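Below is one structure, written out as structure tokens; comments come after it.
The values are calculated or read from the model by the stated rules, or taken from the named source; none is laboratory data. Here the structure is a predicted model, which means the values were calculated and not measured. We place every Cβ from the backbone using ideal geometry, glycine too, and count neighbours over all the protein chains shown.
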Amino acid sequence: MLKRSITNELAQNFINYLNELDKEKNNKNYNEALNLIDTAFKDIFKLDGKFFSSFSTKNLIDMASTKGGISIDKCVMMAKLLEEEAIILEAQNKLDEAFYINQKSLDIFLYAYMDENSTCTLDKYFDDIQPIIDNVYEYKLPVSLETKIRDYYVISNKYSNADNVVYDILEQNDYNENLIKDSLDFYNKILLKENSILESGGITKSEIKESINELKSRL
């Protein structure tokens, strides 16, 4: 019961920060908004916000650990604060910095979303995942992140989108042999799903089999 109460208090504190952030952004007080994000990072994670952009995603996720393991809610808080930072940097026309921060935000959001073994109080913020994908996807992304986007679309029952990501990865990397093998594994796994599920996600078994045959011919 005590653990639950602390979680609710922390979640409400986080939401209060977001409400204050909205006020600052609406008034175009961007430096004040960035300072508020830094304060939120210090309050929730006990570390200056400027360090978060330099840490790897794995290190950031480790920072969301509690005695019971990784806190998915803390991952969401971290991802959301980074997303807000990117939004402000875009408003300041610092596009390269915004793109870099958005990648970290998306990576952590996807990690949290795909954790099937945890409950999440702040799961409404998962709705931010698709807008961030839309924001960054036109640029070159690491294969590891694109693969997570592919898997996100599968979990979200958007098989046609996942299929598009597969071919984007392959084309951007000259149909690398290891990536072809990974893609074949992917197609063989989703081929096991029922027709109705696949078709509701915009793909058919015949299309999947065509992709498998095409990729096999490239090996």
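Descriptive notes on the structure:
- Residues of region 196-218 that are surrounded by 16 or more Cβ atoms within 10 Å (Cβ to Cβ), small (Gly, Ala, Ser) and in a helix (DSSP H, G or I): 211 alone.
- When restricted to residues that are more than 24 Å from residue 140 (Cβ to Cβ) and assigned to a loop (DSSP other than H, G, I, E, B), region 152-195 contains 5.
- Test: residue 127 is assigned by TED's automatic domain parsing to the domain that holds residue 74 and surrounded by fewer than 16 Cβ atoms within 10 Å (Cβ to Cβ): yes
- Checking every residue in region 74-84 against the condition of being modelled with pLDDT of 95 or more, closer than 19 Å to residue 14 by Cα and of a type in the set (Lys, Arg) gives at least one match.
- From the options 82, 36, 21, 89, residue that is free of Cβ contacts under 8 Å to residues at least 40 places away in the same chain, more than 30 Å from residue 150 (Cα to Cα) and buried (at least 20 other Cβ atoms within 10 Å of the Cβ): 36
Quick grid of which residues meet (1) over 22 Å from residue 123 (Cα atoms); (2) among the hydrophobic types (A, V, I, L, M, F, W, C):
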| site | (1), (2) |
| --- | --- |
| 29 | yes, no |
| 32 | yes, no |
| 36 | yes, yes |
| 44 | no, yes |
| 51 | yes, yes |
| 54 | yes, no |
| 81 | no, yes |
| 86 | no, yes |
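- Residues that are closer than 23 Å to residue 80 by Cβ and surrounded by fewer than 16 Cβ atoms within 10 Å (Cβ to Cβ), drawn from region 152-176: 155, 156
- Every residue from region 62-87 that is of a type in the set (A, V, I, L, M) and touching an Asp or Glu at 6+ places or on another chain (Cβ under 9 Å): 64, 70, 72, 76, 79, 86
- Residue 182 vs. criteria within 13 Å of residue 219 (Cβ to Cβ), in the same structural domain as residue 155 (by TED's automatic domain parsing) and of a type in the set (Asp, Glu): yes
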